[in-house]
1. Considering only the stretch 711-744, how many residues are touching a residue at least 40 places away in the same chain (Cβ under 8 Å), over 22 Å from Glu128 (Cα atoms) and either of a type in the set (Ser, Thr, Tyr) or in a loop (DSSP other than H, G, I, E, B) (or both)?
2. So, in the stretch 21-44, how many residues would count as being at pLDDT below 80, in contact with a Leu (Cβ under 6 Å, 6 or more places away or on another chain) and under 20 Å from Phe534 (Cα atoms)?
3. Go through the stretch 371-418 and give me each residue that's free of Cβ contacts under 8 Å to residues at least 24 places away in the same chain and more than 30 Å from Tyr208 (Cβ to Cβ).
4. Among (1) crowded, with 16+ Cβ neighbours inside 10 Å; (2) in contact with a Leu (Cβ under 7 Å, 6 or more places away or on another chain), there is one condition Glu58 misses while meeting the rest; what is its number?
5. Out of the residues in the stretch 254-281 that are closer than 29 Å to Pro688 by Cβ and in contact with a strand residue (DSSP E or B) (Cβ under 9 Å, 6 or more places away or on another chain), state the one that is surrounded by the most Cβ atoms within 10 Å (Cβ to Cβ).
6. Answer yes or no as to whether Ile510 is of a type outside the set (Ser, Thr, Tyr) and in contact with a strand residue (DSSP E or B) (Cβ under 7 Å, 6 or more places away or on another chain).
7. Among the residues of the stretch 678-710, write down those that are over 41 Å from the mean Cα position of the chain (by Cα), at pLDDT 85 or above and of a type in the set (A, V, I, L, M, F, W, C).
Amino acid sequence: MIILIPINVTGSSVEYSATGLDKLSLSNISRSKVYRLNAHFIMSLITIGFFQWLLLYELQTFVKIRQSFLLSKSHRNSVLSKTILISNVPPHLQDLDVLCDLFETVPGGIENIWYLYDYRDILELVEEAKEALNFLEEAELSCLKSTLLKYGKEYKKNTTNIPEQLGVIDNNPENMRDSLGFKANSKNPKFYPPIYFKSIKIPKIERYFRLRFPGFFRIIFLEKRVSVIDWCINTLNTKQGLIDKKKFALTTGLLKKHNKLFVEFQSQKGAYIAHQCLLSQIQGNLDLTLIEIHPKDILWDNMARNNTIACLIEKYFVSLIFISVILLYVIPVSFIGLVSQVPLLTKLIPSLKWIYKFPEEARDTISSILPSLLLAVLTDIVLIVFRFLTYFKGMLSGADLELNLQQWYFAFLFVQQFLVVTILSSITVIFKQIVDQPTSIPVLLATNLPKAATFFFQYITLKAFAFCGNNFLRIGPLLLHLTVHKIKDKTPRQKFNRITNLLRIRWGSIYPVYSVFASIGICYCVISPLIAIFVIFILSLLLLYYKYALKYIYNRTNESDTKGKHYPIALLHLYTGIYCLECCLIGIFFLLKNENDTCPMVIQGWVMCIVLLATIFGNITIYNRYVKHFSYLPILSDKKFRDPAVIANLKENPNNIHTLHEEKKLPNEDYLNRKLLFLHPAFKYEKPKLWLPEDPLNLGIDRIRVIESQIDGLEGGSTSGAKIEFSNNMKINMKITNAPPDYK
C-alpha cells in the first residue's frame, strides 16, 4: 500500500484523471504512464508468493496444535476420543459377540457399545410430561402471587412501613394463611389443555412431524375448561407410568434398533484406526464412521433415518436449492448494485430523474448507505434459510452441519457480495461509454473494473459500525432483558434456564463472513491498495470482540466443536481472492494500451497466466497434503507428540501449557450412568421436582406438600434457590439464587 498509492496518485495526466477515491487506485494511471503497471506486477508476485508461504505456515501450525491437543492426556482418556459412530450396520452385525470379533484386530478391542433405539414414543411422552410440569408451576405460582398481592394490599392500608411488617409476618406466616384464602382446597385456575397428535411419518424419506395445537381450539368442539392443576397432576401420573414401561422395554431389549451404533474402544489409537479403516467388504455396510461426537451434539432425527435412495435424493435436492438461491439472488443483488450508481442511471433511464427532487444529501444516502444496508439484510435472510435447509442434508451431528454450512454460505457470500457487486458496480459506470463506442469494450472493462472498490469501502465501513453497534453495545439483548423476558419468565425454572443458557457460538456462519472480507482485501490489495486499511480495521474489531466475547458472553462448552476444522477451510477459501486478483491483472495487462495504441504489458500478462496455473497447482497440492490431517490422527506420532518448536515455545511461555492441554469436563466424568451416555436424552428422563419460590408466608411449602400427596410423577419439591420479595411499591420480585432442585 505504501508503495502503490503514491504511484497511483501521480499516475494521472492532463488528458485523464480519476476522481474521488479512485485516484488512489490503479484506474488513475493514464495511457501515457502505463509502464507504471510494472510496479503492480511486481507487488502482485510478492503478494501471491507471501500468501502461499503464510498459508503453508498456518496449516503446519494448525496441524501441530491439533495433534498436540488430541494427544494430550486429558483428551486421550476421554470417552469422546475413544468412541466412534458406525452407520449402516446390518442386523446380523449388531450382536455384541460379532462386533467383538470384527474389531479383535484393533488395539485393545471394544470397551462399550450403545445401540440406537427407537425413541419416538418415549420422546412424545417426555415432551408432554415436561409441558405439564411447566403448566403446573405456572398455575401454582399464579395462585401464590395473587394471594401475596392480597396480603400486600391489606398491609398497605394499615401501615406505611411495609418492609418491617413483612419481616414480622415472615416470622409468623401461619397466622395469615386462612385469612388470605390460600388453602389446599382453594379454587384452581382453569384452561383449555393443549391438543397433541401422534407423530406422522413421511414415507420414503423417513421424516416425522408432529402437530400440537393451542388449547383454545377446543372451543370449536364446545369443550369445557378444566382445572389446570388437576390436569397437570393427571398428565404427570399417566405419562410417568408410560415412560417407565418404555424404559423397561429398553432394559429388556424389546425396542427396535436402528442401523447405527456407537462403539467405545479401549484406547484412542484403536478408535482412530477403526475410523480410518474400510470395515466391510460389502459395499454400503459399515461405510460411514464419525469420531469425536459429543452426545449433546447428535441430530437424532437424522440419526434415526436409513440411507435410502430417497434420502440421497433429498440431500442432493437441498444442494440444488442452494445453487438455485445463489444464482437467483443475482437479481436482488443486481438491483442493489444499480442503486449505487444513481447519477448514471438517471442518464440511462430519464424516467428516474424524479430522484433529483430530493435534497442532495438524500440522494447521496440512497446511492451509498442504502445499497450496503439492503445487501446486509438480504445476507442475513439467506443465512437463516441456509441453516434451516442444511439440517435436511442428513448431517448426523451439529459439527458436521456447521462445516457444511461454512462451505455453502461462503460460496453464496463470495458470489453475491463480491463477484456480482463488483461487476455491477463497474458495468453501470461504463455502460454509457459502451453505447457510444462499442469497439472500446475491452479497454473500458479493464480500466473501470477497479472502480468497484469504492462500493466495498462503503460496505466494509457500514459492516464495521454495525458490528460495533450490535456486538459491543448489545442493545438488542438489553431491550429483551428489560421487556420481553420479564413477561416470559413466569416461573423460577424458566428464569433460571434463560439466565444460564448462554449463547452458543456457531462458527459455520461466522468464518464465511470474514473470509469474504479477507478475500476482498486480497483481490484489491494491488488494484486499490487503500482497501487494506478498511479490511484491517474490521478484522481488528473482530479480534477485539471475540477475544472477550468468547470469555464473557458465549458458552465455553461448545458441543459442536470441530477440533479446529473450520480454520483450515477458511484459509483455503482465501484462494478465491488470489484467483480474482490474478484474473483481473491478466485482463488489465492484456487490454490496456499506451499512447501508441499498443499493449506494452503483454509479457507481464503471459507471466501472470503462468502464475495462475502455478497457483491452481499449489492449491491442489496443499489441499491433498493436509486434508487428511484435518480429520484423522496419525498412528506414527510416537505415542506422545513431540516437536522441538512447540517445546521451545512452552519453555519460553509456560502459560501456553494450560492452553494446549486444557480439557473441559467430558461426559465420562459428568455422567453418573455411563450406559446411558449415547442414548437419546428421552431415555435419561427422571422424575422432576416441583420448584416454587420461597415466600414470606411459606405458602409454597404448603402447596408442595399438597401436590406430593396427589402425584406419583414428581420426586417431591422444594423452594430452595428461588425467592419472592416485595419492593417498596409493593411489586413482587422473583430472585434466583441457586439451581433447581432436580438440576443436573
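The values are calculated or read from the model by the stated rules, or taken from the named source; none is laboratory data. The model shown is predicted, which means the values in this text are computed figures rather than measured ones. Neighbour counts are summed over all protein chains in view; Cβ atoms, including those assigned to glycine, are modelled from backbone coordinates with ideal geometry.
1. So the answer is 4.
2. 1
3. Val377
4. Of (1) crowded, with 16+ Cβ neighbours inside 10 Å; (2) in contact with a Leu (Cβ under 7 Å, 6 or more places away or on another chain), only one is false for Glu58: (1).
5. Per the criteria, the residue is Phe262.
6. Considered against the rule, which asks whether it is of a type outside the set (Ser, Thr, Tyr) and in contact with a strand residue (DSSP E or B) (Cβ under 7 Å, 6 or more places away or on another chain), Ile510 comes out as no.
7. Matches in the stretch 678-710: Leu699, Ile701, Val706, Ile707.
This table checks each residue for (1) among the small types (Gly, Ala, Ser); (2) part of a loop (DSSP other than H, G, I, E, B).
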{"residue": "Lys201", "(1), (2)": "no, no"}
{"residue": "Ile220", "(1), (2)": "no, no"}
{"residue": "Ile233", "(1), (2)": "no, no"}
{"residue": "Leu255", "(1), (2)": "no, yes"}
{"residue": "Leu261", "(1), (2)": "no, no"}
{"residue": "Glu264", "(1), (2)": "no, no"}
{"residue": "Asn285", "(1), (2)": "no, yes"}
{"residue": "Asn302", "(1), (2)": "no, no"}
{"residue": "Ala310", "(1), (2)": "yes, no"}
